Amino acid sequence: MDDLTRASLAQAIREGGSGNADIVGDLKTNFARLADARFSLCTASGTAALICALWAVGVRPGDAVAVSALGPAMTGLAITAVGARPLFLDATRPTSFGISPNSAQRSLAEGPKAALLIPMWGYWDEQPDTLETFHSNGVPIVVDAAQAPFLRLGAGLCHIADIVCLSLHARKPFKAGEGGVCLTNHRHLADRIVQLRNFGQTTSWTGNRLTPTGPFATGFGVNFKINSLGAAWCLTQTRECDRMRERFIRLRHRATQLLDSTGIGWIEADQAPTVVEHGRYGIVAVCANERDASNLATVVGGTGVEVDSSRYRYRPMYHAPHLARYATSCPTAEQLTARSVACRLEAFGPLDSTVDAGHDATERARP
Ligand SMILES: *Cc1c(COP(=O)(O)O)cnc(C)c1O
C-alpha cells in the first residue's frame, strides 16, 4: 500500500470512520472537480446514490420511471426500491446504447416522473431529440454513470442531467469497496439527497461544503452514508486520475489487440459526437451476427479474460425475474446484446511489462 493511502486510512480511523468525517469531504471535493459539478454527495453505494437521486427529483411509490432496457438489473432494482415501476426504453440501433427517440416519446403517455439514462460500459450515445423530449416535457433526467466515471461530454454531464450517479464498488474504476456519489448543479436537489441520506436532516452551506445540520427526521431519511475508510482508499485514486486514465488506455489497447487477433470481425459500439472522453469501464465489440459474437466470446474467454457471459449473461434487464412483470418488448436492445461481446477493461489486466513498456497509447479510431 502506498504512503498516501496509508495516511488517509489512518486519518479516517482517527476521525471515527463515519460518513460525516472530514476525509469524506475531501473525496466529495475531488469528485465535484472531476465532474465539474457544484455539488457532490457521497453515499453508501451506487444503488443508494440512485435511490437518493430518484427520491430527490420527486419519484414516489407508484410512479413510473423511464429507463434504458440495456441497463443492469441493479438499476431496475433501484427503481423498484423506491416503490416505482420501470418503463423500459429500447435502443436506437443494434450498435448503440442510446435510447430511441421514438421510445422516449412513447413513454410520455405513462407520465414518467424521471428518465434514467445509462452509459453502459462507458458508452454515451443519447441523441439530442431524446434529451429534448424529456426536457421539454419536464421529465427530470438522472444519469446512472456507474460504468462511466470518466465520461466527459462537450457541455459536461451535469448540464444535461439533473443528477449524475456513480458507483465506487470494487469492480468499478474508482473503488471504495462499497460507495457511490451523486453529482448535481442544483442546490434544492442536493438538499433532498442529503436529507434522504442523513436521517432527514436539513443542510447548510458552510464555506465550500453542504453540511447536514439540524435535528433528525425533519423530513424522511435513513442512513445512506459512506464508510469513510472506503472513502479514504478512493481518495488516493482521485488524486491520481491521470495515472488511472493511462492505465485504462493501456488496458483498452490490449483489449482491442486481443479482439483483433481473433480474426472475427467486430466494430465498437457507437458514441455520440459530443463525447470528449469515454467512460472507461469496458469495451463492447458488436459482431455481424449472433454466431460471430458467440465465437468471439469463446475465444476471448479462452484466454482467461472474463467476458459478460461468464459472470452473468448480459441481456436487457427485464429478463431478470423480479423485473419481468414490467417487461415490454425491446427488439433492438435484444439484437445488441445477442450480437455483442462486452468486457470490463480491468478483465484485461494485470498488465505485463511488454504492454506497459511504451506502446502507442493513442485510442483506436471510431469505426
Ligand atoms: C454497479 C452498478 C450499479 C450498482 O452500484 P453499487 O455500487 O453496486 O450499488 C448500478 N448501475 C450500474 C450501471 C452499475 O454498473
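The values are calculated or read from the model by the stated rules, or taken from the named source; none is laboratory data. Bear in mind that the values here come from a model prediction, so they are computed numbers and not experimental data. Every residue, glycine among them, receives a Cβ derived from its backbone with ideal geometry; neighbour counts consider all protein chains shown. Just the protein is used for accessible areas: all its heavy atoms, side chains included, with ligands, DNA and RNA removed. Shrake-Rupley method; radii C 1.70, N 1.55, O 1.52, S 1.80 Å.
Some observations on this one:
- Diffusion coefficient (Stokes-Einstein, Kirkwood radius over C-alpha pairs, 10 °C, 1.306 mPa s) for the chain: 76 µm²/s, rounded to a whole number.
- Added length on full extension, which subtracts the Cα-Cα distance from 0.36 nm per residue, D260 to R243: 3.5 nm
- Between the alpha-carbon centres of the range 165-200 and the range 219-262 there is a gap of 15 Å.
- For the chain: accessible area per residue (Å², 1.4 Å): 41
- Ranked by how many other beta carbons lie within 10 Å on average, peptides 338-346, 293-301, 140-148, 199-207 from highest: 140-148, 338-346, 293-301, 199-207
- Distance between the 7 Å Cα→Cβ label points at R187 and W205: 0.4 nm.
- For the peptides 131-138, 314-321, residues were scored by their other Cβ atoms within 10 Å and the scores averaged per peptide; the highest-first order is 314-321, 131-138.
- When nucleic acids and ligands are ignored and a 1.4 Å probe is applied, S329 ends up with an accessible area of around 100 Å².
- Cα centroid separation - the range 111-162 against the range 24-84, whole Å: 12
- Estimated translational D of the range 199-261 in µm²/s (Stokes, Kirkwood radius over Cα pairs; 20 °C; 1.002 mPa s): 137
- Proximal lysines to K175, defined as alpha-carbon separation beneath 25 angstrom and excluding residues fewer than eight positions away on the same chain: K28, K225
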